[in-house]
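To keep things clear, I will list the structure first and then write my remarks on it.
Every number in this text was worked out from the coordinates using simple rules, so none of it is lab data. What you see is a predicted model; the values in this text were computed from it and never measured. All Cβ positions, even for glycine, are placed from backbone atoms using ideal geometry, and neighbour counts span all protein chains on display.
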Amino acid sequence: MVYTLKVYNDAIKFIEAIQKGTEIISKLLYSKNRMEVLEAMNFFVLTDAYGIENSNLGIKKMLHLIWMGGSNDEGNSISNHLVNSYNTLFLTTPEKISTLEKNAFIAKNLIKLTYDTSMADLASLEKLLCAMYEKDFINESVVNILWQIYTFKEKDFSKKQRCGAIIVIGMISFIDSEIAVKGIDALLKVGLGKKGREDLMLAKYSCIALQRIVPMSKIEKNERNRAMRKNKLLDVNKENEALERLSKMIYLYNEDAEWFSVAEQAINAIYCITSNANTTCSEIIKKKIRAVFENPKEEEKQVIGLSQLLFIVGHISIKTIVHLEKCEAIFKKRKIELEMENAKSKKKNKNSAEDDLEMIGATTEDDFTEVINEVRENELLYGTSSILARFGPLVKEICSKEEKYQDKMLQRSAVLCMCKFMCVSKRYCEDNLDLLVYIMENSPDPVIRSNAVLSLGDMAVCFNNLVDEKTDNLYGCLLDKDLMVQKTCMMTVTFLILAGQVKVKGQLSQMAKCLENSDPAISDMCRMFFQELATKDNAIYNGFIDIFSGLSNDKEIERDSLKRILRFLIAFITKEKQQKQLADKLVQRLSRAESEEEWKNVAFVLQTLPVKSDQISEALAAKYKSMAAR
């Protein structure tokens, strides 16, 4: 009995040690060492097989490694290893079951991957599933079962399963549009029919799946209708039915907050499946205006209706700009093709194509770009015949007078609409930029502050020179009291810096401070940011002194945290020449140090750097004696 008890106690200790180990090993998933990352993935595959309770945390965390790609073999091997690991975890079936049972097993596991996921999780999952589909880990029979789960009655499958099924279908349709094409009738009947109106999450992901009926290559060429009808993907009657159902989903009154995400994806779908999207969307706006203003019911419903109207208007304005930019890209591409044809003395295209090319040949790129800019700046938001122009002053009025228009949903919709208008027109952006920054910093609603952060990031891409002076305000949101705003700001600033859209002017210390954020998602995101930044032309070496100065002068950061951050960053400075140059700069700084805390920080960096010399040792000893004598 005593021996048995000892065995049980040892077993419990072993299990507890493994569970604690999973937390430590999960941190290795973002290691700079490729082998550590691969072995960490193998560990979680093994712990899952043995049913270790918290192995799911690591499995979910390693999902984001799918983005580790690039031209080097190391990056590709990590993403490939992840695909194989997920195949083992979720798509490997028991041996002694029928083929049908195996396919059903895989389908249900794929659906479970969509449960309790964030938007970031879903984005990574989509890329992963596309990679798995390309490797034939997901076959046609599995896809058919997913469609069956989506279309069967409630008693057969839960709402959660049905929604998960269409999420997966939409994801793999991204890589193979035929999947969505074959299920077009189901999408219109289920997701955009009665079930969709009762379950808005189902409607949302059905709209996303509907967007995938056109191959991505066709979308890039902006030849939607022509390509669809030529390949018999969507005939005129089916297109009209889809547009009618999408329009109803948008303008029908619904008090569920999920309506906004449905409306967004429905508008996206409209612009995807037809070249006459602007006409359709204008009718939607007019019907919604009549519903809100001509036949107002009680005040609360009118406020909800107005909130929805502003959301519709704002999103349509953005999609219009995207459409114009694609038209411009197509024009330039076709003009280049024409010039190449003429240069090679080839025959001109016949019929209408010949006329198109002759028209293009008579128009310069600058002429076309000038027309597009004219539409953006003077027509959409300021033109006398533009339906969108009616809303510019309205949203500014609502946003600037929060005390008067106190409804939270109305404020959110108005601010979001104003942000989208600001991305459309530089003139409108300039007129409202100070108001947006004020809202971003002072709004009591974290959702509004997050939206303002995201929008300011978008404007930094659209109108870089205009927004450049406001980047300090943007970085300040890393210290927002709300975790959601902090995460949004981290993602936004990460993108802007790595894409070269903003100039870094000493603000990297604020980013580095996030390495010690109490939220693992933020600290992990920050760690990945610096790992990627390290691949950019000596970026961390060039910015180290500024980072060090910013952190050293920050009275709120604890010394242990400071050490961990500096040690992490120093590891990226691997060139001996740079290590010596950095050491020389710090030795000079050491001599000027006035406080004990300052010289301790400099001394820590000098001792952490791999490079050693008598000069460094003598400088440290001399400064120590000087400080001790005080």
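Quick notes
- Checking the cross-link pairs LYS301/LYS404; LYS189/LYS301; LYS135/LYS182; LYS127/LYS182 against a 24 Å limit on the alpha carbon distance flags LYS189/LYS301 as lying beyond it.
- Between helix 426-442 and the chain: long-axis angle, C-alpha atoms, 0 to 90°, nearest 10: 50
- Distance (nanometres) between label positions extended 7 Å along Cα→Cβ at SER31 and ALA17: 1.9
- Relative to the longest principal axis of the Cα atoms of the chain, the long axis of helix 596-608 lies at roughly 80 degrees.
- For the set LYS160/LYS408; LYS396/LYS426; LYS160/LYS204, the pairs lying more than 20 angstrom apart at their alpha carbons are LYS160/LYS408.
- With R₀ set to 35 Å, the beta-carbon distance separating ASP468 from ASN109 gives a calculated FRET efficiency near 0.15.
- Within straight-line reach of LYS513, meaning a Cα separation under 17 Å, sit the following lysines at least 8 residues removed in sequence or on another chain: LYS481, LYS487, LYS505, LYS555, LYS563.
- Extension gain, GLN615 to ASP10, is 212.4 nm, computed as 0.36 nm per intervening residue step minus the present C-alpha separation.
- Kirkwood Rh, angstrom, the stretch 425-503 [1 / mean 1/r, Cα pairs]: 12.3
- Neighbour-count ranking [beta-carbon atoms within 10 angstrom, fewest first] of TRP599, TRP67: TRP67, TRP599
- With R₀ set to 30 Å, the beta-carbon distance separating GLN607 from LEU57 gives a calculated FRET efficiency near 0.30.
- The reciprocal of the average 1/r between distinct C-alpha atoms defines the Kirkwood hydrodynamic radius, which for the stretch 534-604 equals 12.7 Å.
- Measuring from each cysteine beta-carbon in the chain, the ones with no other cysteine beta-carbon under 4.7 angstrom are CYS130, CYS163, CYS207, CYS272, CYS281, CYS327, CYS399, CYS417, CYS419, CYS423, CYS429, CYS462.
- Distance in nm between pseudo-label sites at ARG290 and GLU598 (7 Å out along the Cβ direction from Cα): 7.3
- Bridgeable lysines around LYS6 (alpha carbons under 28 Å apart, same-chain partners fewer than 8 residues away excluded): LYS20.
- Assigned charges on the beta-carbon of Lys, Arg, Asp, Glu; the chain dipole about Cα centre (debye): 940
- Farthest toward the positive end of the dipole of the stretch 382-455, out of TYR438, ILE387, SER455, is the Cα of ILE387, where the dipole comes from beta carbon charges about the Cα centre.
- Rule-of-thumb Rg ratio for the chain [Cα; 2.2 N^0.38 Å; N residues]: 1.13
- In terms of other Cβ atoms within 10 Å, VAL447, VAL602 run from fewest to most in the order VAL447, VAL602.
- You can think of it this way: the chain between LEU252 and ASN144 has 35.7 nm of extra reach, that is 0.36 nm per residue less the Cα-Cα gap.
- Counting only lysines at least 8 places from LYS503 when in the same chain, those with an alpha carbon closer than 16 Å to its own are LYS470, LYS536.
- Taking the fewest neighbouring Cβ atoms within 10 Å as the starting point, the ordered list for HIS315, HIS81, HIS323 is HIS323, HIS81, HIS315.
- Rounded to the nearest 10 degrees, the angle from helix 236-251 to the longest Cα principal axis of the chain is 60 degrees.
- In this calculation the C-beta distance from ASP560 to ASN80 is compared with R0 = 35 Å, giving a FRET efficiency of 0.40.
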